[in-house]
Amino acid sequence: MSTVEAQWIAQGPVGTGSISTVTRIRIAVLAVLVFAAYWGPIRHYLVARWLADGNWSHGWLIPVFSVYFLVMRRNDLARCVPSPNYLGAGILALSLGVYFWSAWRARMAYPQSLSLVGAVFGTTLLMGGWGVMRVAWFPIVFLLFAIPLPQSTYVELTRPLRELASTVAAAVMPLFVPGLHTQSQAVVIDYVRPGMAPGQLNVEEACSGMRLMMAFVTLGVAMAYLGDRPLWQRIIMVASCLPIAVLCNTIRVTVTGLLTITGHAEYAQGTPHQLLGMLMLLIALGCFALIGYVLSHLFVETAEEADAAAAGS
């Protein structure tokens, strides 16, 4: 054990995870300095996008969830003995370097916000070491879901999903409206209905693209973390985020299109449309719960047989 580590451990009762007043002051000072350094991107990029862009309105909840994850494991944190790791200082310096480069040279807002997560990670590793990091790594990484992607990047990532939703919706809607003929072209659905003039539905305009996609992914990752499951089950739950997002968006596009085609366009916009989006979030939650239930009961019989065999032997 190094002399520095011994001094840090001596500042609090060994094995209890108690933190001395000096260490608390150091943590508070570093936290204030990081917050002050990143106040610009926090205020002008993160908060501004959360307020103005509905695709990222869930960003407000991400820090709250991160704190909640830490509170859940407060007993594990209490048992951690602070042990400084100077690799954290290197990560912190690199993050600040990216921040200053992107702020004054590249003039890019996204790398500035992204480096904030790196700065928090580096500060935590510097002050607490790997013992604390084993508990805090996920709440820190989870903050990435609060950082809005550049608009052009987000559009390119979601366009294939919108096209898929458009194709499926065009195939499903004629099942509910007799005589309806539809054809999907990218994110546009052309439709013809007897007695009506031909029309078009723009999926991007109807549903703001995949507005809830990031919320679905965030929800899935959070549920996978909160569940007491084997790693392979958590991976399956995270991997299911994309299919569930496509399913929910397809339902939303189909319902919106049917309302428009059948002459109830007033229910396909404004408050009713927002409520439909909230309903999709509930459907996504139900899908995650169903997947979790199935995974939890996949090997119940096998486990019972194993226990019986063990008892017999």
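Any residue at all in segment 25-41 that is within 20 Å of MET127 (Cα to Cα), surrounded by 13 or more Cβ atoms within 10 Å (Cβ to Cβ), modelled with pLDDT under 90 and touching a Gly at 6+ places or on another chain (Cβ under 6 Å)?
No, that holds for no residue.
Please indicate, with yes or no, whether at least one residue in segment 161-171 is farther than 24 Å from ALA37 by Cβ, at pLDDT 90 or above, crowded, with 16+ Cβ neighbours inside 10 Å and touching a Cys at 6+ places or on another chain (Cβ under 9 Å).
no
Looking at ARG105 and the list (1) in contact with a helix residue (DSSP H, G or I) (Cβ under 9 Å, 6 or more places away or on another chain); (2) among the charged types (D, E, K, R); (3) within 22 Å of TRP39 (Cα to Cα), which single condition is not satisfied?
(1)
Among what's in segment 73-88 and is free of Cβ contacts under 8 Å to residues at least 60 places away in the same chain and either of a type in the set (Lys, Arg) or in a helix (DSSP H, G or I) (or both), pick the residue that is nearest to VAL22 (Cα to Cα). Before you say what the answer is, go through the steps one by one.
Start the filter on segment 73-88 by keeping residues that are free of Cβ contacts under 8 Å to residues at least 60 places away in the same chain, which leaves 74-76, 85-88.
With either of a type in the set (Lys, Arg) or in a helix (DSSP H, G or I) (or both) added as a condition, the list becomes 74-76, 87-88.
Numbers: ARG74: 21, ASN75: 22, ASP76: 22, LEU87: 21, GLY88: 19 Å.
Looking at residues that are free of Cβ contacts under 8 Å to residues at least 60 places away in the same chain and either of a type in the set (Lys, Arg) or in a helix (DSSP H, G or I) (or both), I get GLY88.
Which residues, taken from segment 174-184, are under 16 Å from MET196 (Cα atoms) and of a type in the set (A, V, I, L, M, F, W, C)?
Selection gives VAL177, LEU180.
Could you list, in sequence order, the residues of segment 44-60 that are free of Cβ contacts under 8 Å to residues at least 60 places away in the same chain and of a type in the set (A, V, I, L, M)?
VAL47, ALA48, LEU51, ALA52
Which of the helices (runs of 4 or more DSSP H) contained wholly in segment 226-313 include at least 1 residues that are modelled with pLDDT under 80 and small (Gly, Ala, Ser)?
Values: elements: 231-239, 241-261, 270-296, 300-312.
In segment 226-313, 270-296, 300-312 are the helices (runs of 4 or more DSSP H) which contain 1 or more residues that are modelled with pLDDT under 80 and small (Gly, Ala, Ser).
Applying the selection to segment 235-255, what residues are of a type in the set (S, T, N, Q) and under 13 Å from PHE176 (Cα atoms)? Working first, answer last.
Here is the first cut: in segment 235-255, the residues of a type in the set (S, T, N, Q) are 240, 249-250, 254.
THR254 - this is the single residue of segment 235-255 that is of a type in the set (S, T, N, Q) and under 13 Å from PHE176 (Cα atoms).
Would you please name the residue that is farthest from ARG73 (Cα to Cα), looking only at residues in segment 214-266 that are in contact (Cβ under 8 Å) with a residue 40 or more places away in the chain and of a type in the set (Lys, Arg)?
By that ranking, first place goes to ARG252.
Anything in segment 42-59 that is among the basic types (Lys, Arg) and exposed (fewer than 15 other Cβ atoms within 10 Å of the Cβ)? List them, or say none.
As a first pass, look at segment 42-59 and keep what is among the basic types (Lys, Arg): 43, 49.
The one that is among the basic types (Lys, Arg) and exposed (fewer than 15 other Cβ atoms within 10 Å of the Cβ): ARG43.
Could you run through segment 89-120 and say how many residues are surrounded by 13 or more Cβ atoms within 10 Å (Cβ to Cβ) and assigned to a loop (DSSP other than H, G, I, E, B)?
Selection size over segment 89-120: 1.
One residue is enough: does segment 106-123 have a residue meeting the conditions on the phi < 0 side of the Ramachandran plot and of a type in the set (Lys, Arg)?
No, because not a single residue in segment 106-123 is on the phi < 0 side of the Ramachandran plot and of a type in the set (Lys, Arg).
Please go through (1) closer than 18 Å to TRP56 by Cα; (2) touching a helix residue (DSSP H, G or I) at 6+ places or on another chain (Cβ under 9 Å) for GLU156 and return the number of the only condition it doesn't satisfy.
(2)
The values are calculated or read from the model by the stated rules, or taken from the named source; none is laboratory data. Everything numeric in this text was worked out from a predicted model, so none of it was measured. Note that each Cβ is placed from the backbone with ideal geometry, even for glycine, and that neighbours are counted across all protein chains shown.
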